[in-house]
Amino acid sequence: MHKEHALIAIPTTGLMQETRDFEITCTAGDFNDPEIEAAGFSGPIRVKVTAERGGSEIALLIETVAGCDFACDICLAPIHRELNGSYRVFFDCSDSGVQATPDADDDEYRILDSNATEIDLTEDVRETLLLSVPMKVTCVGNPDCRLYSGAKEELDIQEPEGSGSSWKDSLAKLKKKYR
């Protein structure tokens, strides 16, 4: 069966008993995945893989950085954010890895054929990118949208007792009206 070349793969032949970094750049369109394209990723997707080999195990740290275009969930203003994600996975290259696997369903620990020439990380990078997308996106330029960000909460805590804000005044008027 013909296997397509992996979009994001690292060679196992060059990994000795040391740490090695790999830098890979691609775009959302390279994944041929409607979920990635619908998420709004724009521009280059930078992937850094840090591989550390110790004995028959390979530990990989996958770090992604990508720009993403959103619309504010409150005011629909366009927003561009840089999203960061990371994922750690371990590979066992020994022939006895099947018996040594702590949990067969563990996604972070995998068995790698000792004859493998590369490790395909395309699916791991795709999942890391999708998990880095926030569930709620609000802008910081509009004061009404800042209600849901941490910056507004800090301002409220530091605000003196005597000073009122417009929403607090409005709330007080509503309370008086319906009492």
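The values are calculated or read from the model by the stated rules, or taken from the named source; none is laboratory data. Note that the structure is predicted; figures quoted are calculated from it, not measured. Using ideal geometry, Cβ is built from the backbone for each residue, glycine included, and neighbour counts are taken over all protein chains shown.
So is L76 under 21 Å from C139 (Cβ atoms), at pLDDT 85 or above and in a strand (DSSP E or B) or not? Answer is no for this residue. The residue pairs whose first member lies in the stretch 119-138 and is exposed (fewer than 14 other Cβ atoms within 10 Å of the Cβ), whose second member is in a helix (DSSP H, G or I), and whose beta carbons are closer than 9 Å, counting only pairs six or more residues apart or on different chains, are K136/Y148. Filtering the stretch 66-86 to residues that are of a type outside the set (S, T, N, Q) and under 12 Å from L130 (Cα atoms) leaves A66, C68, L83, G85. Examine the stretch 2-21 for a residue that is assigned to a loop (DSSP other than H, G, I, E, B), of a type in the set (D, E) and exposed (fewer than 14 other Cβ atoms within 10 Å of the Cβ), and state whether such a residue exists. Scanning the stretch 2-21, I find at least one residue that is assigned to a loop (DSSP other than H, G, I, E, B), of a type in the set (D, E) and exposed (fewer than 14 other Cβ atoms within 10 Å of the Cβ), so the answer is yes.
In this structure, I62 does not qualify as within 18 Å of the chain's Cα centre (by Cα), under 28 Å from V140 (Cβ atoms) and at pLDDT 90 or above.
Quick one: in the stretch 92-119, which of the residues that are small (G, A, S) and closer than 13 Å to S56 by Cβ is modelled with the highest pLDDT? Top of the filtered list is A116.
Each residue in the stretch 40-52 was checked for being free of Cβ contacts under 8 Å to residues at least 40 places away in the same chain and under 14 Å from F22 (Cα atoms), and 4 pass. In the stretch 129-144, of all residues being closer than 12 Å to I79 by Cα and in contact with a strand residue (DSSP E or B) (Cβ under 6 Å, 6 or more places away or on another chain), the one that is modelled with the lowest pLDDT corresponds to C139.
If I filter the stretch 47-63 for residues that are surrounded by fewer than 14 Cβ atoms within 10 Å (Cβ to Cβ), touching a strand residue (DSSP E or B) at 6+ places or on another chain (Cβ under 6 Å), of a type outside the set (D, E) and closer than 19 Å to E123 by Cβ, do I get at least one hit? No: the stretch 47-63 contains no residue that is surrounded by fewer than 14 Cβ atoms within 10 Å (Cβ to Cβ), touching a strand residue (DSSP E or B) at 6+ places or on another chain (Cβ under 6 Å), of a type outside the set (D, E) and closer than 19 Å to E123 by Cβ. Filtering R53, R81 for residues that are among the basic types (K, R), closer than 30 Å to D144 by Cα and at pLDDT below 95 leaves a single hit, R81.
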